[in-house]
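This report refers to the structure that appears directly beneath it.
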Amino acid sequence: MNFDLIVLGGGPGGYTGAIRAAKLGKKVALIEKDSLGGTCLNRGCIPTKALLHSAEIFSGAKEWAELGISAEIVALDENKIYERKQKIVSSLRDGVKSLVKANGIELIEGEGKLVNEHTIKVGDREVSADYILLATGSVPSAGSKERPLIGVEYTVNSDDVLASPIAGNNITIIGAGVIAVEFATYYTAIGKAVTLLAPGERIIKMMSKDASVQLSAVLKKQGVKIVTGAKIKSVGSDHTVYYETEKGEASVAGDAVITAIGRKAVLDIGLENAGLKADKFINVDDNMYTGVAGIYACGDITGKIQLAHFAAASAITAVESMFGFKHSMDLSVCPSCIYTMPELASVGKKDTEVEGAKVGKFLMGANGKSLIEGVNRGYIKVIADANDVVVGAEIFAVRGTDIMGELSLAISKGLKTHEVASVIHPHPTVMEAIGESVEDIHGLATHMAPKRQ
């Protein structure tokens with residue numbers, strides 16, 4: 001064998017798994033056909049948040065006068081926004097490449113295909129290893145085989161949006177998930193008219209109904225037109241979207257149509273040559289093992305959770321499993337984040353999933369740091385079970401994604417409400433609302449009215 005491990009795919013899962021194996025003393029090869037960092041770094045998480053940061057600053061100009069700041073001209077140059085985005089992406093990508101090299105990992109550039117359970121072919125070269133970690137990720141979907149989107153050629157997807165600015169001032173977005181609402185937030189913040197066509201009865205259905213209602217209200221206030229229950233019929237060459245709701249047939253005209261209706265796993269990697277079968281995803285067990293000797297998989301292609309941090313954590317689990325090390329990651333607790341304004345984050349169970357649930361909720365209108373930042377709405381909700389153990393949480397607040405880690409830790413370690421509440425939270429911060437939300441479970445939150453009996 002040439003290597004102890006070959007990793008196919010250089011995204012967050014792939015390069016994290018490769019680096020972990022190298023740090024464990026293994027000889028590793030990493031195969032990547034495009035750019036290191038995968039979707040997250042190049043066409044996903046990082047570039048999207050870079051755009052959103054610029055949009056947030058620009059849209060904040062509306063409140064500058066109240067803050068004591070005056071400016072006669074506030075102009076937006078979207079080309080400059082994209083230039084900055086690309087600088088950030090390039091810097092981080094170079095950092096990943098340096099880490100790969102520093103850890104003695106052989107980077108093989110090209111498209112890899114499985115030859116058998118121990119061998120991968122890249123161009124004219126074949127490399128083999130005791131173990132293979134599949135980390136090929138996913139790409140934007142434009143509908144299913146059963147219901148393909150008619151007129152998809154007249155639309156753009158997330159890859160297109162993040163590659164260069166989209167022309168026009170009227171944007172139609174098809175979708176209701178994370179990507180859809182983040183793009184809606186960006187475009188409305190920079191002054192474009194946005195219509196969001198949601199196929200279901202509400203947006204962000206992976207979150208609670210409470211979160212969906214709150215975010216819908218915020219997006220509408222920001223100027224986004226949301227149409228729920230929209231069954232897309234077709235997209236015309238003039239970027240008109242024809243759809244149907246319970247009220248009947250309708251259409252919306254625009255300058256561009258963005259599809260944000262999910263992602264599909266990249267499986268065209270010669271799975272059959274290694275005896276692997278997959279429908280939409282590759283099935284794995286809790287060790288990320290595929291059932292074929294020597295082959296593990298991580299991230300989006302497993303169909304578990306399509307998030308970069310889960311991909312990285314599952315890759316570490318796979319590497320530790322194959323080489324006989326004790327698991328260091330808790331894959332059962334994975335936070336989800338949505339970078340709207342305010343941000344949304346959730347982790348663990350919803351209150352509707354917990355028998356005898358105890359719920360504490362703190363409204364961010366009573367949080368000093370949130371008001372200082374100009375946001376008077378939002379909440380932090382903590383769910384405990386009948387034994388007072390923290391089992392779930394949801395945050396809708398300024399920088400909410402940055403503080404979710406505390407509640408993720410609490411859930412992972414099985415902490416009780418009093419253990420979380422006993423920690424002194426710094427003031428003034430958004431984070432101090434976590435302590436109050438936990439205390440509210442028992443009616444003890446200082447800045448919340450007494451609970452009605």
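The values are calculated or read from the model by the stated rules, or taken from the named source; none is laboratory data. If you're wondering where the values come from, they're calculated on a predicted model, not measured in any experiment. Note: ideal-geometry Cβ built from the backbone for every residue, glycine included; neighbour counts use all protein chains shown. Heavy atoms of the whole protein, side chains included, go into the accessibility calculation; ligands, DNA and RNA do not. Shrake-Rupley method; radii C 1.70, N 1.55, O 1.52, S 1.80 Å.
Considering only segment 366-400, how many residues are over 24 Å from the mean Cα position of the chain (by Cα) and open to solvent by less than 40 Å² (accessible area, probe 1.4 Å)?
Of the residues in segment 366-400, 6 are over 24 Å from the mean Cα position of the chain (by Cα) and open to solvent by less than 40 Å² (accessible area, probe 1.4 Å).
Enumerate the pairs (first residue in segment 163-191 and farther than 17 Å from Leu52 by Cβ; second residue anywhere and among the acidic types (Asp, Glu)) with beta-carbon separation below 7 Å, excluding pairs fewer than 6 apart on the same chain, so at least 6 apart or on different chains.
Ala167/Asp255; Gly168/Asp255; Asn169/Asp255; Asn170/Asp255
Ile424 is checked against (1) over 23 Å from Lys49 (Cα atoms); (2) part of a helix (DSSP H, G or I); (3) without any contact (Cβ under 8 Å) to a residue 12 or more places away in the chain and fails just one. What number does that condition carry?
Among (1) over 23 Å from Lys49 (Cα atoms); (2) part of a helix (DSSP H, G or I); (3) without any contact (Cβ under 8 Å) to a residue 12 or more places away in the chain, the lone unmet condition for Ile424 is (2).
Could you go through segment 401-413 and let me know if any residue there is touching a residue at least 60 places away in the same chain (Cβ under 8 Å), open to solvent by less than 10 Å² (accessible area, probe 1.4 Å) and not charged (D, E, K, R). So that I can check it myself, show each step before the final result.
Residues of segment 401-413 that are touching a residue at least 60 places away in the same chain (Cβ under 8 Å), as a first pass: 401, 404-405, 407-408, 411-412.
Right, trim to open to solvent by less than 10 Å² (accessible area, probe 1.4 Å) and you get 404, 407.
With not charged (D, E, K, R) added as a condition, the list becomes 404, 407.
Scanning segment 401-413 turns up at least one residue that is touching a residue at least 60 places away in the same chain (Cβ under 8 Å), open to solvent by less than 10 Å² (accessible area, probe 1.4 Å) and not charged (D, E, K, R).
Matching residues to (1) open to solvent by 90 Å² or more (accessible area, probe 1.4 Å); (2) touching a Cys at 6+ places or on another chain (Cβ under 7 Å); (3) closer than 30 Å to Ile6 by Cβ; (4) part of a loop (DSSP other than H, G, I, E, B):
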| residue | (1), (2), (3), (4) |
| --- | --- |
| Ile31 | no, no, yes, no |
| Leu41 | no, no, yes, no |
| Ile46 | no, yes, yes, no |
| Leu52 | no, no, no, no |
| Ala55 | no, no, no, no |
| Ala71 | no, no, no, yes |
| Leu76 | no, no, no, yes |
| Asn79 | yes, no, no, no |
| Lys87 | yes, no, no, no |
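For segment 250-294, name all the residues that are touching a residue at least 40 places away in the same chain (Cβ under 8 Å), of a type in the set (Asp, Glu) and loosely packed, with under 15 Cβ neighbours inside 10 Å.
The answer is Asp286, and nothing else.
Every residue in segment 307-320 that is surrounded by 19 or more Cβ atoms within 10 Å (Cβ to Cβ), out of contact with any His (no Cβ under 6 Å at 6 or more places or on another chain) and not aromatic (Phe, Trp, Tyr), please.
Initially, segment 307-320 is screened for residues surrounded by 19 or more Cβ atoms within 10 Å (Cβ to Cβ), giving 307-308, 310-320.
Of the ones still in play, those that are also out of contact with any His (no Cβ under 6 Å at 6 or more places or on another chain) are 307-308, 310-316, 318-319.
Those that are surrounded by 19 or more Cβ atoms within 10 Å (Cβ to Cβ), out of contact with any His (no Cβ under 6 Å at 6 or more places or on another chain) and not aromatic (Phe, Trp, Tyr): Leu307, Ala308, Ala311, Ala312, Ala313, Ser314, Ala315, Ile316, Ala318, Val319.
Take the residues in segment 237-249 that are touching a Ser or Thr at 6+ places or on another chain (Cβ under 9 Å) and more than 12 Å from Leu149 (Cβ to Cβ), then tell me which one is surrounded by the fewest Cβ atoms within 10 Å (Cβ to Cβ).
Taking segment 237-249 first, the residues touching a Ser or Thr at 6+ places or on another chain (Cβ under 9 Å) are 239-243, 245.
Add one more test, that the residue is more than 12 Å from Leu149 (Cβ to Cβ), and what stays is 239-240, 245.
Working: His239: 20, Thr240: 16, Thr245: 13.
Applying the filter and picking the extreme gives Thr245.
Can you find a residue that is part of a helix (DSSP H, G or I), over 20 Å from Phe281 (Cβ atoms) and of a type in the set (D, E, K, R) anywhere in segment 108-115? Explain how you work it out, then say what you get.
From segment 108-115, those part of a helix (DSSP H, G or I) are none; that's our starting set.
Looking for residues that are part of a helix (DSSP H, G or I), over 20 Å from Phe281 (Cβ atoms) and of a type in the set (D, E, K, R), one finds none in segment 108-115, hence no.
Just wondering, is there one or more residues in segment 332-339 that are of a type in the set (A, V, I, L, M, F, W, C), surrounded by fewer than 19 Cβ atoms within 10 Å (Cβ to Cβ) and in a strand (DSSP E or B)?
So far as segment 332-339 goes, no, none of its residues is of a type in the set (A, V, I, L, M, F, W, C), surrounded by fewer than 19 Cβ atoms within 10 Å (Cβ to Cβ) and in a strand (DSSP E or B).
Give segment 107-127 a look and list any residue that's more than 29 Å from the chain's Cα centre (by Cα) and among the charged types (D, E, K, R), or say none.
Glu117, Lys121, Asp124, Arg125, Glu126
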